[in-house]
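Engineer: Let me begin by handing over the structure; questions about it come next.
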């Protein structure tokens, strides 16, 4: 009989102090109406009893919200008027006792409340430690824990939807289903090993090949290939605006985001540092970077900016190469065109509001697979067409998500390893290898899926 194997987390648990209680400010640092401090661990309830004075003198019960004051035990004075909630284990996020304090928000006030809590024998939580404890206590699996950070960092509505699916465990269910299918094939292989004389066993090899390819390999390939969608919906597309000096790069950035983010000046070399901002076009997030104009650097600082621009160009998912249509091409334009002859580039002929002086035929010849769009960053003419072109460039990859799992780098690498085992199994089945070898391959694949 095949018994499921679950991850052993005892070694990870052994590194944590026994009965350790942690606390941290759970809301962003800064001024706001409400700030939240979270406490998790065995001391949570005792701390709530000592530091909280209820306005109605009620006993603190689990999963209730209470109004009162947070008290400084050294003086008995109220530090702030708060709302307090206590959640008794195991029905909590970490499966430990949890207390959450909702106070007025301000850096000094929250720090004061947190310090009083830490003085009660509580340790300051490490970044992500509440979610880590939820993982260690089997409240969530590893994929769900990773999805928490994805949800926080999601840069689009679709990214939020995908992260929520994974947090609800739907991605984990998808992987478990693949694992169950692999276990079924392993069972078939072991039956064939134990009863080699059965006539029906000869038919199982072709049945296994068909099921392996249809029910396991193809779904895993689809999940691995969807890794590229993570860049689109969760992380955001890296786009860089690049070109020689005074082509209107900063004007284009300002036009795209509808604000004066970059300084615009007729003086060459005004932009020397990288200017980054986030832009949403038809719901797709783009992290756009304006760069220093390409030319022979006049001083050390400008040269650093130009080198950063070239580095950013290599790292970008999309390059917006800006050419000044009102001036003839120079060696900097030609060098840029020669370096971007691929599908990830859009060539922008700017300043169509001025008489044209550029050789557009030369540009078309040099563009290769790059798209060409004519605009005026000054008047806004052609910007809608440019945005459409940018979205189409991204959408050359199918942006629809058919499965629940859009893997991160770790998950993609693990699934690629699993895929290698399954493809090896498929090959061995086709070449008539003994069922003992098939079973070894399948066991390795099942163990990899558990990661």
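The values are calculated or read from the model by the stated rules, or taken from the named source; none is laboratory data. These numbers were taken from a predicted model, which means no experiment stands behind them. Note: ideal-geometry Cβ built from the backbone for every residue, glycine included; neighbour counts use all protein chains shown.
Engineer: Evaluate the stretch 318-328: report whether one residue or more is touching a helix residue (DSSP H, G or I) at 6+ places or on another chain (Cβ under 9 Å), over 16 Å from residue 250 (Cα atoms), in contact (Cβ under 8 Å) with a residue 60 or more places away in the chain and not in a helix (DSSP H, G or I).
Structural biologist: The answer is yes; a qualifying residue exists.
Engineer: Tell me which of these residue 172 doesn't satisfy, since it passes every other one: (1) farther than 30 Å from residue 47 by Cβ; (2) surrounded by fewer than 18 Cβ atoms within 10 Å (Cβ to Cβ); (3) free of Cβ contacts under 8 Å to residues at least 60 places away in the same chain.
Structural biologist: Looking at each condition in turn, residue 172 falls short on (2).
Engineer: If you don't mind, another one. Only one of these is modelled with pLDDT of 85 or more and touching a strand residue (DSSP E or B) at 6+ places or on another chain (Cβ under 6 Å): 244, 255. Name it.
Structural biologist: 244
Engineer: Could you please let me know if residue 352 is in a strand (DSSP E or B) and surrounded by 16 or more Cβ atoms within 10 Å (Cβ to Cβ)? Before you say what the answer is, go through the steps one by one.
Structural biologist: Working: in a strand (DSSP E or B): no; surrounded by 16 or more Cβ atoms within 10 Å (Cβ to Cβ): yes.
In short, no.
Engineer: If you don't mind, there's one more thing I want to ask. What number of residues in the stretch 331-352 are over 24 Å from residue 255 (Cβ atoms) and touching a strand residue (DSSP E or B) at 6+ places or on another chain (Cβ under 8 Å)?
Structural biologist: 1
Engineer: Being under 30 Å from residue 163 (Cα atoms) and at pLDDT below 75 is the requirement here; does residue 231 meet it?
Structural biologist: Numbers: under 30 Å from residue 163 (Cα atoms): yes; at pLDDT below 75: yes.
Yes; evaluated as a whole, the condition is true for this residue.
Engineer: Kindly indicate whether residue 324 is surrounded by fewer than 18 Cβ atoms within 10 Å (Cβ to Cβ), modelled with pLDDT of 85 or more and either closer than 23 Å to residue 388 by Cβ or not assigned by TED's automatic domain parsing to the domain that holds residue 255 (or both).
Structural biologist: No; evaluated as a whole, the condition is false for this residue.
Engineer: If you don't mind, another one. Is one or more of the residues making up the stretch 360-379 crowded, with 19+ Cβ neighbours inside 10 Å, modelled with pLDDT of 90 or more and either under 28 Å from the mean Cα position of the chain (by Cα) or outside the structural domain of residue 335 (by TED's automatic domain parsing) (or both)?
Structural biologist: Checking the stretch 360-379: not a single residue is crowded, with 19+ Cβ neighbours inside 10 Å, modelled with pLDDT of 90 or more and either under 28 Å from the mean Cα position of the chain (by Cα) or outside the structural domain of residue 335 (by TED's automatic domain parsing) (or both).
Engineer: Which ones in the stretch 27-60 are part of a loop (DSSP other than H, G, I, E, B), touching a strand residue (DSSP E or B) at 6+ places or on another chain (Cβ under 7 Å) and either exposed (fewer than 13 other Cβ atoms within 10 Å of the Cβ) or at pLDDT 95 or above (or both)?
Structural biologist: 31, 41, 55, 58
Engineer: Pull up the stretch 70-89, narrow it to residues that are part of a loop (DSSP other than H, G, I, E, B) and under 37 Å from the mean Cα position of the chain (by Cα), then point me to the one that is farthest from residue 110 (Cα to Cα).
Structural biologist: 89
Engineer: Just checking: which of the helices (runs of 4 or more DSSP H) contained wholly in the stretch 163-258 hold 3 or more residues that are touching a helix residue (DSSP H, G or I) at 6+ places or on another chain (Cβ under 7 Å)?
Structural biologist: Hits in the stretch 163-258: 170-194, 201-211, 218-225.
Engineer: Further question: So, in the stretch 136-150, how many residues would count as being in a helix (DSSP H, G or I) and closer than 22 Å to residue 235 by Cβ?
Structural biologist: Qualifying residue count, the stretch 136-150: 9.
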